[in-house]
Amino acid sequence: MDLILKYFPDLTEKQIEQFNKVGDLYKEWNEQINVVSRKDIDEIYTNHILHSLAIAKVMKFEDGSDVLDVGTGGGLPGIPLAILFPNVNFHLVDSIGKKIKVVQGVANGLGLTNVKAEQKRAEELHQHYDFVVSRAVTAMPRFAEWIRGKFKKDSLNPLPNGLLYLKGGDLTEELKDFPNAELHNISDFFEEDFFETKKVVYLHKKDI
């Protein structure tokens with residue numbers, strides 16, 4: 001929890017309470033339904049919670065924004081972002097039902113009222129969003145196909161509507177068809193070794 005406060009010192013008491021609880025909630029749920037690797041669960045705050053919050057270093061969502069988290073798994077990056085942005089609407093979807101059960105359990109345990117969790121594929125959704133977020137679900141060309149046409153026409157955030165995608169490693173090949181992609185090194189925001197090769201990729205909706 002100290003790690004979260006290190007980089008996000010302006011949290012409210014309620015947010016501090018929620019971030020304090022979220023690690024234990026994931027550990028409890030992970031014993032029933034494995035959504036985080038066993039060796040990784042002890043590093044939940046660095047490798048999962050803080051990693052998810054890297055998106056917030058690139059984009060501060062305006063109140064009332066609608067954000068879709070595709071392939072959310074156990075609720076990452078959506079749950080940590082929903083704590084940080086309580087007045088933003090988060091729609092978390094995954095094709096695997098038991099993962100959505102974890103998302104719902106964690107969201108309920110935290111008292112999050114701005115999270116909607118559904119067992120669905122992105123292609124099945126007909127709503128429109130300001131932003132799509134996700135964490136290394138698949139290669140960008142395939143992911144872009146899933147979310148194409150899912151964006152609202154008008155933008156209300158500092159960046160135009162589009163995708164914020166958490167990815168690691170050398171993305172040269174993967175992004176060769178997306179020349180306008182903006183890459184933000186997470187190591188510029190967080191000093192922990194885990195983030196050395198990790199990035200937030202931003203894509204404008206017109207480039208998807």
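The values are calculated or read from the model by the stated rules, or taken from the named source; none is laboratory data. Keep in mind the model is a prediction, meaning the values are calculated, not measured. Cβ: placed from backbone, ideal geometry, glycine included. Neighbour counts: every protein chain shown. SASA here: full protein model, heavy atoms, side chains in, ligands and nucleic acids out. Shrake-Rupley method; radii C 1.70, N 1.55, O 1.52, S 1.80 Å.
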With every protein chain left in place and a probe of 1.4 Å, what is the accessible surface of Phe131, to the nearest 10 Å²? 0 Å²
Which lysines, on any chain, are close to Lys198 with Cα under 17 Å apart, when same-chain ones fewer than 8 places away are left out? Lys57, Lys167
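Divide by every residue of the chain the summed helix terms, -39500 (n - 2.57) for each DSSP H run of at least 4, and state the resulting mean residue ellipticity at 222 nm, rounded to the nearest 500 deg cm²/dmol. Kindly include the intermediate steps, with their values, before the conclusion.
Details: 6 runs with 63 residues, N = 208.
Helices in the chain give a 222 nm mean residue ellipticity of -9000 deg cm²/dmol.
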Would you please state the base-10 log of I(q)/I(0) at q = 0.10, 0.11, 0.14 1/Å for the chain, with intensities from the Debye formula using one equal scatterer on every alpha carbon? -0.38, -0.47, -0.79
Normalising by the residue count of region 25-120, find the relative contact order in percent from Cα pairs under 8 Å and 6+ residues apart. 28 percent
Alpha-carbon centroids, region 150-208 and region 32-51: separation in whole Å: 22 Å
Heads up, I need the accessible area for Phe8: 1.4 angstrom probe, whole protein in place, Å², nearest 10. 20 Å²
Selection from Met1, His128, Val36, by position along the positive dipole direction of the chain (Cβ): His128
Determine, from the Cβ-Cβ distance of Lys98 and His126 and an R0 of 22 Å, the FRET efficiency 1/(1 + (r/R0)^6), rounded to the nearest 0.05. 0.35
Exposure of Asp10 as accessible area (Å², to 10), given a probe of 1.4 Å and all protein chains: 140 Å²
Write down the accessible area per residue of region 86-208 in Å², having rolled a 1.4 Å probe over the full set of protein chains. 51 Å²
So the angle from the long Cα axis of helix 13-32 to the longest Cα principal axis of the chain, reported in degrees to the nearest 10, equals 90 degrees
Of the heavy-atom accessible surface of region 1-121 (probe 1.4 angstrom), what whole percent is carbon and sulfur? 44 percent
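How do Met1, Met59 rank by accessible surface area computed with a 1.4 Å probe, from largest to smallest?
Met1, Met59
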Rounded to whole angstroms and listed largest first, the alpha-carbon spread of region 14-102 along its three principal axes comes to 35, 28, 22
Amide H of Leu68: which non-local residues (sequence gap of 5 or more, or other chain) have their own amide H closer than 5 Å, using H built in the peptide plane? His91, Phe131, Val132, Val133
Ranking His184, His126, His91 from most to least accessible area with a 1.4 Å probe gives His126, His184, His91
When the chain is modelled as a GNM with alpha-carbon springs shorter than 10 Å, which of Thr72, Thr12, Thr46 fluctuates the most? Thr12
Can you tell me the orientation of helix 97-110 relative to the chain, as the angle in degrees between its alpha-carbon axis and the longest Cα principal axis, to the nearest 10? 60 degrees
